[in-house]
Structure formats: structure tokens, C-alpha cells
Amino acid sequence: ETGVTQTPRHLVMGMTNKKSLKCEQHLGHNAMYWYKQSAKKPLELMFVYNFKEQTENNSVPSRFSPECPNSSHLFLHLHTLQPEDSALYLCASSREGTANEKLFFGSGTQLSVL
Amino acid sequence: DQQVKQNSPSLSVQEGRISILNCDYTNSMFDYFLWYKKYPAEGPTFLISISSIKDKNEDGRFTVFLNKSAKHLSLHIVPSQPGDSAVYFCAATDQTGANNLFFGTGTRLTVIP
């Protein structure tokens with residue numbers, strides 16, 4: 001198993017759909033992250049979980065709802081998205097979630113909202 | 001407003017020559033800087049980092065230089081190899097206690113055989 005696995009790799013959804021992105025890390029890390037990369041924009045932090053507790057919510061709209069049932073799994077539940085939410089969503093993990101740690105990224109989910 | 005900027009979206013270099021990727025930042029509180037490399041259909045992978053107490057860090061063919069007064073860092077790859085062709089992201093963070101990395105938009109490096 002590779003370090004951080006994301007599913008699905010690609011997702012197309014309508015604005016009224018509900019879908020979920022899944023992330024699993026096999027590195028024994030305690031912190032997990034959701035990042036968003038829109039076209040021609042930098043990676044942008046959305047959420048951080050340390051030891052299953054959400055420690056950062058970077059002013060993300062409520063149509064994005066994260067869930068972290070344990071230190072190895074992270075979900076991003078999506079509902080009533082907008083076309084401008086189309087982007088690459090990247091999951092990452094790090095050992096403790098403290099400053100200056102390396103992040104280990106998954107391959108991402110390319111999301112298209114129609 | 002972007003706090004980390006990579007003003008060159010792309011760079012082409014001949015195999016064996018030096019590749020220099022540049023990055024500028026605006027936040028003087030940033031004290032740790034990283035470079036990530038991304039191949040198509042893969043997530044970014046960590047390449048090299050530097051703390052603000054240093055002005056140079058070297059790892060094999062990769063060297064990062066930090067100029068704090070200019071708020072500028074650069075990544076040197078020498079000699080460049082075709083396998084280095086990827087998108088390179090510069091990132092920065094401060095000691096807020098949370099691991100919030102601020103990324104640039106990336107530079108696509110193409111190494112021509």
C-alpha cells in the first residue's frame with residue numbers, strides 16, 4: 001500500500017448531488033489535511049485534523065463537511081456544490097501536525113461540478 | 001493575496017545544465033521553506049527544505065538558497081535530468097503551532113534530453 005491513498009481519482013457531480021471523497025494513510029501519522037487546488041491557483045488548506053480532532057477550518061463553506069473517524073481515515077462530504085468548486089482535492093498527512101513537518105500527499109481527486 | 005509567489009509558470013532546460021527555480025514571499029514571519037515536486041496524476045512529494053537560520057541547504061543535486069532580506073528563495077538542480085521534469089511548488093510556514101503551508105502556484109520544469 002502506498003502512503004496516502006485517495007478515492008475516487010475522478011468525480012463528476014451535479015450541483016444537487018451528494019458525494020464523498022475518501023482518504024486513507026498507511027504511515028502511522030496523527031494529522032491529516034484536506035487541500036484544494038483550483039486551476040492556476042496555489043494549493044489552499046481547507047481542514048486539519050490532529051488525533052481525530054479538527055484543529056483548523058480555513059473559512060471553508062459549509063457545503064464541504066469533513067469527517068475523521070480515526071487517525072488513518074479522512075472523508076470530505078460534498079453537497080450542493082457550485083461549478084467554481086471544481087478543483088483538485090488533495091489529502092495529506094504528517095506525523096504530529098506541528099509546524100515544520102513534511103506533508104505526505106495522496107494523488108488527489110479531480111472534481112468537476114456541472 | 002498570495003503570500004508565496006512563483007512568477008515563472010514554466011522553465012525549459014537542456015539535460016546536464018543547471019535549472020534554477022525562483023520563489024518570492026511577502027510574509028516576514030515565515031521561517032521554514034519547502035520545495036515539493038509533482039508529477040502528473042500524482043500528489044506533491046517533498047523534495048528539500050530550509051530553515052530561516054540557514055541560507056543554503058544541499059541534498060545531492062538539489063540546493064535551496066534563502067535570501068531573507070530579499071524574501072527570496074531559489075532551488076538549483078544540477079545537473080538537470082529528464083526525470084526532473086515536473087511541477088515544482090515552493091511552500092512556506094511560520095511557527096504558529098499549526099502546520100499550515102502556504103504554497104506558490106508552481107513552476108513546470110521541462111528538461112530536454
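A short reminder: the numbers here are calculations on the coordinates, not readings from a lab. The shown structure was predicted, so the numbers you read here are calculated from the model rather than taken from an experiment. Positions of Cβ are backbone-derived with ideal geometry, glycine not excepted, and every protein chain shown enters the neighbour counts.
Once the Cβ-Cβ distance between B:S8 and A:N17 is put in as r, and R0 is 45 Å, what FRET efficiency do you end up with, to the nearest 0.05?
Working: r = 38 Å, r/R0 = 0.85.
The computed FRET efficiency comes out at 0.70.
Sorting A:M46, A:M13 by the number of Cβ atoms found within 10 Å of their own Cβ, with the fewest placed first, yields A:M13, A:M46. Using the Cα coordinates of the range A:26-90, the gyration tensor eigenvalues translate into equivalent-ellipsoid semi-axes of 21, 13, 10 Å, sorted from longest to shortest.
Once you reduce the range A:87-113 and the range B:46-108 to the center of their Cα atoms, the two points are 18 Å from each other. Under the combined filter of DSSP loop state and at most 16 neighbouring Cβ atoms within 10 Å, the range B:1-71 retains these GluC sites (Glu not before Pro): B:E15, B:E42. As a proxy for reagent exposure, A:T7, B:T105 were ordered by neighbouring Cβ count within 10 angstrom, fewest first; the result is A:T7, B:T105. Legend: distances between Cα atoms for A:K19/B:K38; B:K5/B:K37; A:K52/B:K38; A:K102/B:K37; pairs beyond 18 Å are A:K19/B:K38; A:K52/B:K38.
Of the GluC sites (Glu not before Pro) found in the range A:1-96, the ones in coil according to DSSP and having at most 14 other Cβ atoms within 10 Å of their Cβ are A:E1, A:E96. Between B:C23 and B:L73, the built amide H atoms are under 5 Å apart, and every one of these is 5 or more places off in sequence or on another chain. Counting every C-alpha pair in the range B:4-112, the share spaced more than 19 angstrom apart comes to 39%. Take each residue in B:13-22, count the other chain C-beta atoms within 10 Å of its C-beta, and the mean is 0. Proximity of backbone amide H atoms, modeled 1.01 Å from N, is registered between B:S85 and B:V111 at under 5 Å, excluding neighbours fewer than 5 places apart on the same chain. The mean number of partner chain beta-carbon atoms within 10 angstrom of a residue's beta-carbon across peptide A:89-99 is 3. Per the Cα gyration tensor, the protein assembly as shown maps to an equivalent ellipsoid with semi-axes of 30, 20, 16 Å, ordered largest to smallest.
For A:R63 and A:K40, a Förster radius of 22 Å and the Cβ-Cβ distance give a FRET efficiency of 0.45, rounded to the nearest 0.05. Placing dummy labels 7 Å off each Cα toward the beta-carbon, the span from B:T110 to B:I53 is 4.3 nm.
Here is the short version for chain A: A:C68 have no other Cys C-beta closer than 4.7 Å.
The residues B:S8, B:S19, when put in order of fewest to most other Cβ atoms within 10 Å, stand as B:S8, B:S19.
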